[in-house]
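Peer 1: Mind looking over this structure? Questions follow.
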Amino acid sequence: MKLTKILTVALALVFAFGTASFAQTKEASKAGKKEIKAKAVKEARKEAKKFKKEGYHVAPGALPMEKQIESAWIRQYESDEDGFPLYIVASGNSVANTQSAAKLQATELAKLELAGSISTQVAALIENSIANQQFNNEEAASVTKTVAASKNIIAQELGRTLPLFEIYRDVNKNVESNVRIAYNSQKAMDIARKAISKKLEEETDIAHDKLEKLMKWDN
C-alpha cells in the first residue's frame, strides 16, 4: 500500500513538473513571437517609408506595403529550435516593359541570389568535410570546382519559393520590380546536397563511398 502511494505521488510530481515545463516553454514561445512581431513592425515602417519616398507602390489589390514588408521581416527573424535562421532570404530587382515581366525577371534574380547564398554555405561545410576525409589534392580540387559552379544547378532545383513582398515603380515608360523571397533553410540544404552529389558523381572519378561520407555534413 505504501509503495502504491509513493508511486502515485511520484507520478503526480512528474506530471506537475512536465505541465509546468510545457507552460514555461509555451510562454517563452509567445514572448519570442511578440518580440519578433515588434521588431518586424519597426523595420517594416522604416523600410516602407524609404521605398515610398523612392516612388515604389504595391500592385492593385495587394496587401499594403507595410504589411507585406512586416511579413517579410517576421520570416527573416524566425529561427529553429537551435537558434539558426528558419529561412534563407534573398532579393531581386529588374526593369521591364510590363509589370509581369519585371516581376518574373526580379524573381529569377532573387532565386540566383538565394542559390548563391546556399552554395556559399555548402562550400564552407564541404571544405570542413574535406579536411576530415582522406581526399588527395586532385579529388579535393575537383570537389571545390564543382561546388564553386553549383549556384545555377541549385537555382534550377529550388522550384517554388515563398514570396515575401513585391513592389513596383514607373521608370520612364518601363516598370521596375523589387521582390523579396524566402526558402526553408533545411529544405534548401537538402536540395543542395542532392544536386551537388549528383554533379560530383557525373563529373568526377571519386569513389561513391567517399562522396557519401563527404556529403554527410550536418546542416
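Values in this text are rule-based calculations from the coordinates and carry no lab data. This structure is a prediction, so every number in the text was calculated from the model and none was measured. Reconstructed Cβ throughout: ideal geometry from the backbone, glycine too, with neighbour counts over all protein chains shown.
Peer 1: Taking the Cα atoms of region 71-212, what is the range of coordinates along each of the three principal axes, in descending order and whole Å?
Peer 2: The Cα atoms of region 71-212 stretch 57, 35, 19 Å along their principal axes.
Peer 1: Which order do the peptides 196-209, 65-78 come out in when sorted by mean C-beta neighbours inside 10 angstrom, highest first?
Peer 2: Numbers: 196-209: 14.0, 65-78: 19.9.
Order by mean packing, descending: 65-78, 196-209.
Peer 1: Same structure again: Using the basic label-point model (7 angstrom from Cα toward the beta carbon), what is the ALA131 to ASP80 distance in nanometres?
Peer 2: Result: 2.2 nm between the two label points.
Peer 1: Another question, then. Please report Rg over Rh for region 114-184, where both radii come from the alpha carbon positions and Rh follows the Kirkwood definition. Walk me through the numbers on the way to the answer.
Peer 2: Numbers: Rg = 17.9 Å, Rh = 14.8 Å.
Ratio value, two decimals: 1.21.
Peer 1: What is the Cα radius of gyration of region 144-219 over 2.2 N^0.38 Å, N being its residue count? Numbers along the way, then the final one.
Peer 2: Values: Rg = 17.5 Å, N = 76, 2.2 N^0.38 = 11.4 Å.
Taking the Cα Rg and dividing by 2.2 N^0.38 Å, one obtains 1.54.
Peer 1: Let me ask you something else. Would you mind checking LYS103/LYS199; LYS151/LYS187; LYS42/LYS173 for any pair whose Cα atoms are more than 22 angstrom apart? Could the numbers behind the result be given before it?
Peer 2: Details: LYS103/LYS199 30 Å; LYS151/LYS187 16 Å; LYS42/LYS173 34 Å.
Cα-Cα > 22 Å for LYS103/LYS199; LYS42/LYS173; rest within.
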